[in-house]
Amino acid sequence: QVQLVESGGGLVQPGGSLRLSCEASGTIFFVANMGWSRQAPGKQRELVASITDGGSTGYAGSVQGRFTISRDKNIVYLQMNRLEPEDTAVYYCSAGRTGRLYDYWGQGTQVTVSS
């Protein structure tokens, strides 16, 4: 089993930055891919960014150029710059075995962008 614990959420003004962290523990040997998804009130959960164990990354169009995903062994980060009110959501970390991304989920961390 793999446990994921997110941290780094909070309240930030539009145009500001936040960095989210997610640490994986447990049977992490099988973890290949990690990612960040978000869910805003009344909306479906959407994938924001992902990274493979080889370092290949992918981004949703709405965050391309503003968010950066990175990984250091069992910790995945999401650097969020030029935040907009539309980025307000609960952000979830996920991890998966080869070819998968959603085998495991974290509890989520709230990000609120507001003046």
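The values are calculated or read from the model by the stated rules, or taken from the named source; none is laboratory data. Note that the coordinates shown come from a computational prediction; the quantities given were computed from them, not determined experimentally. Heads up, the Cβs are rebuilt from the backbone with ideal geometry, glycines too, and the neighbour counts pull from every protein chain shown. Side chains included, ligands, DNA and RNA excluded: accessible areas come from the protein's heavy atoms. Shrake-Rupley method; radii C 1.70, N 1.55, O 1.52, S 1.80 Å.
Could you tell me whether segment 14-27 includes any residue that is touching a helix residue (DSSP H, G or I) at 6+ places or on another chain (Cβ under 7 Å) and modelled with pLDDT of 95 or more? Yes, because at least one residue in segment 14-27 is touching a helix residue (DSSP H, G or I) at 6+ places or on another chain (Cβ under 7 Å) and modelled with pLDDT of 95 or more. Test Val63 against the criterion of being more than 16 Å from Gly10 (Cα to Cα), within 10 Å of the chain's Cα centre (by Cα) and at pLDDT 95 or above, and give yes or no. So Val63 does not fit the description; no. Within segment 106-115, work out how many residues are assigned to a loop (DSSP other than H, G, I, E, B) and either touching a Cys at 6+ places or on another chain (Cβ under 7 Å) or not small (Gly, Ala, Ser) (or both). The total comes to 2. Any residue at all in segment 82-97 that's charged (D, E, K, R), modelled with pLDDT of 95 or more and in contact with a helix residue (DSSP H, G or I) (Cβ under 8 Å, 6 or more places away or on another chain)? For segment 82-97, residues charged (D, E, K, R), modelled with pLDDT of 95 or more and in contact with a helix residue (DSSP H, G or I) (Cβ under 8 Å, 6 or more places away or on another chain): absent. Scanning segment 84-105 for residues that are surrounded by fewer than 22 Cβ atoms within 10 Å (Cβ to Cβ) and not in a strand (DSSP E or B) yields Glu84, Pro85, Glu86, Thr88, Arg97, Thr98, Gly99, Arg100, Leu101, Tyr102, Asp103. The residues listed here are Leu11, Leu47, Leu18, Leu4; of these, the one that is within 14 Å of the chain's Cα centre (by Cα), open to solvent by 60 Å² or more (accessible area, probe 1.4 Å), within 20 Å of Gln107 (Cβ to Cβ) and among the hydrophobic types (A, V, I, L, M, F, W, C) is Leu47. Which ones in segment 21-39 are open to solvent by 20 Å² or more (accessible area, probe 1.4 Å) and touching a Ser or Thr at 6+ places or on another chain (Cβ under 6 Å)? Within segment 21-39, Ser21, Asn33 meet the criteria.
Looking at segment 32-79, which of its residues are out of contact with any Asp or Glu (no Cβ under 7 Å at 6 or more places or on another chain), hydrophobic (A, V, I, L, M, F, W, C) and farther than 28 Å from Gln1 by Cβ? Passing the criteria: Ala40, Val63, Phe67.
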